[in-house]
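Since the structure comes first, as structure tokens, the remarks are kept for the end.
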Amino acid sequence: DPKASASCADGRPDARTGAWRPDPGVVESGHGTHVAGIVGATRDGHGVTGVAPGVRIAAVRLLGPLGQYYAENIVCGMLWAADHGAKAVNNSYFADPWKYNCPGDADQAALIAAVGRAAGYARRAGAVVVASAGNDGQDLGASRTDERSPNDRVSGPAPLRHLGTECVRLPGELPGVVTVTAVNRDGHPAAYSNYGRGRVSLAAPGGDPDGGPQGAVVSDWPDGRYAALAGTSMAAAHVTGAVAVAAALHPELGADGLAALLAGAAAPGCPPGLLGCGERQYFGAGLLVLPW
């Protein structure tokens, strides 16, 4: 939907024609194209079919010229999507420069507040905010380490941070956000997927990064190509597509109602024989099932 698309690459919406397209001067992959294909690639007999075939998608670019998803980009994108009628906002990324933001740090607390307000604004406007849980294989409900922050430092390795449970991944661990973990083709939790009791909402297909076209998730790629990728980004996209279908079938439901509909229809997780599955809470409400 070109009229609902924009670039927030500098923290301000730019709705000029094609502004949302990748900047030729910035190294960008086809990650967004791949995610969009999972959400809504049309059923036209070619390539892949999305969860919500042919749904209208707004391209809201967040990635700035430095290759970062800063809070100002995210806030701009959330507000733009909400103000232009989005029923679902897919967030297959984490906020830079801190992989996890700790409220005890004044700067990181400000980032939590800013992105949190934007996500809340989108939800009140009727959009389900969907986010990937992350690909670090970590328990979000436990103490953990972070070796990647800040990721915009000029030189040298990042210091090892020891984090408490109060430190959160943005936007996935914000209140009301539908946070999605990944499962493999056999329905088992993907080894790379983050998880955590009370920290994740649903599980969906994310695929095996070493599984090739049979084990990963095949979707669109720029220039008419296709690619097999794996990650919680792909899992989140499946849920976003399901929200789009649910919104079309149940226009009377708001954001919380749509999220509750999917959670209520989810299938129980924990395949038989998987030790520690329930204790670690890989699945949240369960594995995504279309409730119709």
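The values are calculated or read from the model by the stated rules, or taken from the named source; none is laboratory data. Fair warning: this is a prediction, and the values are worked out from it, not measured in the lab. Ideal geometry is used to build each Cβ from the backbone, glycine not excepted, and the neighbour counts take in all protein chains shown.
What the table below lists for this structure:
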read-out: The listed residue being among the aliphatic types (A, V, I, L, M) and touching a residue at least 24 places away in the same chain (Cβ under 8 Å), out of ALA88, ALA109, ALA113; value: ALA88
read-out: Enumeration of residues in segment 169-182 that are surrounded by 10 or more Cβ atoms within 10 Å (Cβ to Cβ) and either assigned to a loop (DSSP other than H, G, I, E, B) or out of contact with any Pro (no Cβ under 8 Å at 6 or more places or on another chain) (or both); value: ARG169, LEU170, PRO171, GLY172, GLU173, LEU174, GLY176, VAL177, VAL178, THR179, VAL180
read-out: Long-range neighbours under 9 Å by Cβ, at least six apart or interchain, first residue on the phi > 0 side of the Ramachandran plot within segment 179-190, second modelled with pLDDT of 95 or more and among the hydrophobic types (A, V, I, L, M, F, W, C); value: GLY187/ALA203
read-out: Residue that is farther than 18 Å from THR179 by Cα and within 15 Å of the chain's Cα centre (by Cα), where the choices are VAL39, VAL89, VAL60, VAL129; value: VAL60
read-out: Pair list, Cβ < 8 Å and 6+ apart or interchain, from segment 124-137 residues that are surrounded by 24 or more Cβ atoms within 10 Å (Cβ to Cβ) to residues that are among the aromatic types (Phe, Trp, Tyr) and assigned to a strand (DSSP E or B); value: ALA133/TYR195
read-out: TYR282 farther than 22 Å from ALA58 by Cβ, at pLDDT below 95 and under 18 Å from the mean Cα position of the chain (by Cα); value: yes
read-out: Every residue from segment 47-80 that is buried (at least 18 other Cβ atoms within 10 Å of the Cβ), farther than 22 Å from ASP152 by Cα and out of contact with any Pro (no Cβ under 9 Å at 6 or more places or on another chain); value: GLY50, VAL51, ALA52, VAL55, ILE57
read-out: Looking only at segment 96-113, and only at residues there that are among the hydrophobic types (A, V, I, L, M, F, W, C) and buried (at least 17 other Cβ atoms within 10 Å of the Cβ), the one that is nearest to GLY67 (Cα to Cα); value: TRP98
